[in-house]
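Comments concern the structure below.
Just so it is clear, none of the values below were taken in a lab; they were calculated from the coordinates. Just so it is clear, the structure is predicted and the values come from calculations on it, not from any experiment. Methodologically, a virtual Cβ is constructed for each residue, glycine included, from the backbone with ideal geometry; neighbour enumeration extends over all protein chains shown.
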Ligand SMILES: [Zn+2]
């Protein structure tokens, strides 16, 4: 009898745990890839980590030198962490010294959207994913040749896939 009680208790604790750290459903993850604009903010909260949600959906900025990718020198492709769209390539990434991943050009002109941003008392150009409208970062006109542009992007908005050799 006592043993049964313990078993029951363990089972309840186990279930409680599983519920509090619930992973997004497969359907929701697929929907984020296939039809990202259909997702509600509640659904984005399930799909993204709290930091990704803060950056992608609330236009937050990760602290400089804290992201996973500012110092990544590997060859490969950078995708939108929210919807999987192809955004940047490693051969356009450069060391800007800012502590954020920096690129002089996007993977294609249609991959990103540029929006005038007058928040925080500055006039800047915000960069978002054209496919899912997630915030990526900003673009500045102090980049290297050949474009002279610096796409200053949050690591939290990006998913890196190394090139297959
Ligand atoms: Zn996206």
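Details
- Candidate set: the range 36-48, residues that are in a loop (DSSP other than H, G, I, E, B) and within 15 Å of the ligand (Cβ to nearest atom); chosen: the one surrounded by the most Cβ atoms within 10 Å (Cβ to Cβ): 48
Yes/no per residue for (1) under 23 Å from residue 48 (Cβ atoms); (2) in contact (Cβ under 8 Å) with a residue 24 or more places away in the chain; (3) buried (at least 19 other Cβ atoms within 10 Å of the Cβ):
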{"position": "85", "(1), (2), (3)": "yes, yes, yes"}
{"position": "91", "(1), (2), (3)": "no, no, no"}
{"position": "94", "(1), (2), (3)": "no, yes, no"}
{"position": "97", "(1), (2), (3)": "no, no, no"}
{"position": "117", "(1), (2), (3)": "yes, no, no"}
{"position": "121", "(1), (2), (3)": "no, no, no"}
{"position": "129", "(1), (2), (3)": "yes, yes, yes"}
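- When the test is whether a residue is out of contact with any strand residue (DSSP E or B) (no Cβ under 8 Å at 6 or more places or on another chain), over 30 Å from residue 42 (Cβ atoms) and surrounded by fewer than 19 Cβ atoms within 10 Å (Cβ to Cβ), residue 163 does not pass it.
- Residue 51 fulfils the conditions (1) under 12 Å from the mean Cα position of the chain (by Cα); (2) surrounded by fewer than 16 Cβ atoms within 10 Å (Cβ to Cβ); (3) at positive phi except for a single criterion, (3).
- Considering the conditions (1) under 21 Å from residue 65 (Cβ atoms); (2) surrounded by fewer than 20 Cβ atoms within 10 Å (Cβ to Cβ), residue 110 is excluded by exactly one of them, (1).
- Pick from the range 108-137, criterion under 16 Å from the mean Cα position of the chain (by Cα) and more than 12 Å from the ligand (Cβ to nearest atom), ranking: farthest from residue 27 (Cα to Cα): 126
- Annotation: residue 146 fulfils all but one of (1) touching a residue at least 24 places away in the same chain (Cβ under 8 Å); (2) surrounded by 13 or more Cβ atoms within 10 Å (Cβ to Cβ); (3) at negative phi; the unmet one is (2).
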